[in-house]
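The values are calculated or read from the model by the stated rules, or taken from the named source; none is laboratory data. Keep in mind it's a predicted model, so treat the numbers as computed, not measured. Virtual Cβ from ideal backbone geometry, glycine too; neighbours counted across all protein chains shown.
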Amino acid sequence: MQALLKLCTTKGSMLVMNKLRIFSAALIAVAGSAVVSSCGGDKQNPGLEFARNMYDPIAYNPDQPNKNFANGQTAQLPPSGTTPVGYDKVDEYPNTNEGYLAASNNLVNPLTRNKQNLTEGKNLYLHMCSQCHGPQGNGDGTIVALEKFPPPPSYSKGNSSRGGAMKDLTDGKIFHTITYGLNLMGPHRAQLDPTERWKIVMYVKELQKLQ
């Protein structure tokens, strides 16, 4: 009896294994035929395609016709008065004395003077400017303390190398100088976007008032 049960169990196991082998062989055959059919035949036919929407975007490309607009174009001019992303208005004022003076006459801080902007301007100033200009704008930063570089003029008591008192520097002059640098001060436009520079300008205007 035990021998008969053992024989039946062995046959059952062999039957299951045979079914698995047949299923595996069929699966390999289907996969192989799919590969062959996708690689061979008409070279103009891409064969089987997966996730077609990955390379057929729903959105229009900029150069495509577009029936949703009156002129039939996808690429549209921005509304008047808007500023493109990444646009730096100071580019209209070159890194020359003439550009510096033109910026002084035409550039005004576009940010609202409030506690948040002043706080952010202070933090940016302390991280990016105080090493030379000092925490209070007196030209006594940690780099100056090394006595290897001349101190920059105080914002409230010094005179600009371009002429005039530092306390009288306009928004445009400060913004222009932060952007392009001056003398030993390097340009900061790569480290600070326009909004960040304007926040620093706002805080520097507060330092100009210190006595």
Revision key, fill the gap. Of S104, S161, the only residue that is out of contact with any Pro (no Cβ under 6 Å at 6 or more places or on another chain), loosely packed, with under 13 Cβ neighbours inside 10 Å and among the polar types (S, T, N, Q) is S161
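Select from the range 158-211 the residues that are of a type in the set (K, R) and assigned to a loop (DSSP other than H, G, I, E, B) and list them in ascending order.
Within the range 158-211, the subset of a type in the set (K, R) is 162, 167, 173, 189, 197, 199, 205, 209.
R162, R189, K209, listed by residue number.
For every residue, the table says whether it meets (1) touching a strand residue (DSSP E or B) at 6+ places or on another chain (Cβ under 7 Å); (2) buried (at least 18 other Cβ atoms within 10 Å of the Cβ); (3) closer than 18 Å to M202 by Cα.
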position: Y87; (1), (2), (3): no, no, no
position: V90; (1), (2), (3): no, yes, yes
position: K115; (1), (2), (3): no, no, yes
position: Q131; (1), (2), (3): no, no, no
position: A145; (1), (2), (3): no, no, no
Practice item. Please find, within the range 172-211, the residue that is surrounded by the fewest Cβ atoms within 10 Å (Cβ to Cβ) out of those that are under 24 Å from the mean Cα position of the chain (by Cα) and aromatic (F, W, Y). Key: Y180
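Would a scan of the range 159-170 turn up a residue that is assigned by TED's automatic domain parsing to the domain that holds T195, within 14 Å of V204 (Cβ to Cβ) and either under 30 Å from the mean Cα position of the chain (by Cα) or basic (K, R) (or both)?
yes
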